[in-house]
Amino acid sequence: MCAAAATSVLLLMASTARGQPLEVDQVLRAIQERTAALDDIAFMVEGELLDEAGQRIAVEIEVMAMPNVPAASLYIIQPDALADNQVIIDGDLIRNYTYLTNQVSVFHADDPDALGGLFPEAAGATVDLDLGRVFQGWEPSIESVESTGGGERYVIRFENLELGADIHHVLATVDADDWMPIRLVFYRSDTAMFADLRFVDVVRDQGLTREDVTYLPEDAEVIDRRR
């Protein structure tokens, strides 16, 4: 570890030990340093989406990722309409596998259609846990700090500065014991939530390879939808 990084970590530890909440830039720096050292990660995403009619749609997705490659696999268990489909993120490409037809559609990563209707507001999809990078250009602030048995839990508010955007703001919950996000809540307006996603059963650095993460059935028909 370089001297600057070591000094940064020591300062963060000292601030936490004194019980003084960190500033938002300190929290984002801690998250950046933690995720930069991550080789691979696997976890479950559980939660719900709300459509414009207010209907609740359950979400359950198995995720494997190598965030710094980047490569990721999202195996969909719920919503039921998308069960057993997969989304593979591999560099600047997304491969959307449809189980019923045994077809793989290939998209550019910045195409909002690439997620197959799972999250239509999303573009530039990636599994990146560095929140400062994911929400670059948004305005971050500390929404709240809660003391838990394992330390402090921070809720960071990321305000979208783009007027009229589909996402108004995001609340991200991070535990200070490992500086990894554990929950993301997305809002269409100041009060209208449309997605609440929690990260559970997290396993880090188990030795996943790019081939593990990006595997799809070899007999699937490939359809190139890049434009």
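The values are calculated or read from the model by the stated rules, or taken from the named source; none is laboratory data. This structure is a prediction, so every number in the text was calculated from the model and none was measured. No Cβ is skipped: glycine too gets one built from the backbone with ideal geometry, and neighbour counts run over all protein chains shown.
Examine region 154-163 for a residue that is outside any loop (DSSP other than H, G, I, E, B), at pLDDT 95 or above and of a type in the set (Phe, Trp, Tyr), and state whether such a residue exists.
yes
Could you figure out which of (1) surrounded by 12 or more Cβ atoms within 10 Å (Cβ to Cβ); (2) modelled with pLDDT of 95 or more; (3) in a strand (DSSP E or B); (4) out of contact with any helix residue (DSSP H, G or I) (no Cβ under 9 Å at 6 or more places or on another chain) isn't true of residue 195?
Checking residue 195 against (1) surrounded by 12 or more Cβ atoms within 10 Å (Cβ to Cβ); (2) modelled with pLDDT of 95 or more; (3) in a strand (DSSP E or B); (4) out of contact with any helix residue (DSSP H, G or I) (no Cβ under 9 Å at 6 or more places or on another chain), the one that fails is (2).
With the checklist (1) crowded, with 17+ Cβ neighbours inside 10 Å; (2) among the aliphatic types (A, V, I, L, M); (3) touching a strand residue (DSSP E or B) at 6+ places or on another chain (Cβ under 6 Å) in hand, flag the one item residue 180 doesn't pass.
Failed condition: (3).
Scan region 32-51 for residues that are surrounded by fewer than 17 Cβ atoms within 10 Å (Cβ to Cβ) and small (Gly, Ala, Ser) and jot them down.
Residues satisfying the conditions are 36, 37.
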